[in-house]
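Report on the following structure.
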Amino acid sequence: MSKIDAPAHTIFVCDGSKCGKYSKEIRKVFKAKIKENGLKDEVLLVKMDCSDNCDYAPVVSFQPENVWHGEMTEKKAEKFFDKYILEE
């Protein structure tokens, strides 16, 4: 059995029918922040199926912190990336 090295952080971006209207731009923000900070091996960005939190779309989850944020915007995405990833 082979062990897979897991990144220190994972960011899940909901891509369900309601969140998906906004998630592409939010994912672009996270991709840019990961790249500009040289964190490709430390942060995994995952597009997830519907999280059943449609009233709060778009929804993002930061792991392993287990923090969920709704009504995400590009500006909030930058702020929360700094808070949960860079300021760990």
### Task
Could you check, for region 18-27, whether at least one of its residues is among the hydroxyl-bearing types (Ser, Thr, Tyr) and surrounded by fewer than 19 Cβ atoms within 10 Å (Cβ to Cβ)?
no
#### Entry: Hits in region 9-22 (condition: part of a loop (DSSP other than H, G, I, E, B) and either under 13 Å from the mean Cα position of the chain (by Cα) or under 16 Å from PHE80 (Cα atoms) (or both))
ASP15, CYS19
### Message
Please verify whether GLU71 is of a type outside the set (S, T, N, Q) and in contact (Cβ under 8 Å) with a residue 40 or more places away in the chain, treating the condition exactly as stated.
### Response
no
### Message
If ASP5 meets every condition in (1) within 11 Å of the chain's Cα centre (by Cα); (2) not basic (Lys, Arg); (3) not in a strand (DSSP E or B) apart from one, which number is that one?
### Response
(1)
### Residue check for LYS47: in contact (Cβ under 8 Å) with a residue 24 or more places away in the chain and not hydroxyl-bearing (Ser, Thr, Tyr)
yes
### Message
Tally up the residues in region 45-73 that are surrounded by 13 or more Cβ atoms within 10 Å (Cβ to Cβ) and either part of a helix (DSSP H, G or I) or of a type in the set (S, T, N, Q) (or both), please.
### Response
7
#### Entry: Those residues of region 23-38 which are among the small types (Gly, Ala, Ser) and over 10 Å from the mean Cα position of the chain (by Cα), in sequence order
ALA32, GLY38
### Message
On the basis of being closer than 17 Å to GLU87 by Cα and not in a loop (DSSP other than H, G, I, E, B), does ILE26 make the cut?
### Response
no
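The numbers here are math on the coordinates, done by the rules we state, and not lab data. Quantities reported herein were computed from a predicted structural model and do not represent experimental measurements. Note that we place each Cβ from the backbone using ideal geometry, even for glycine, and neighbour counts take in every protein chain shown.
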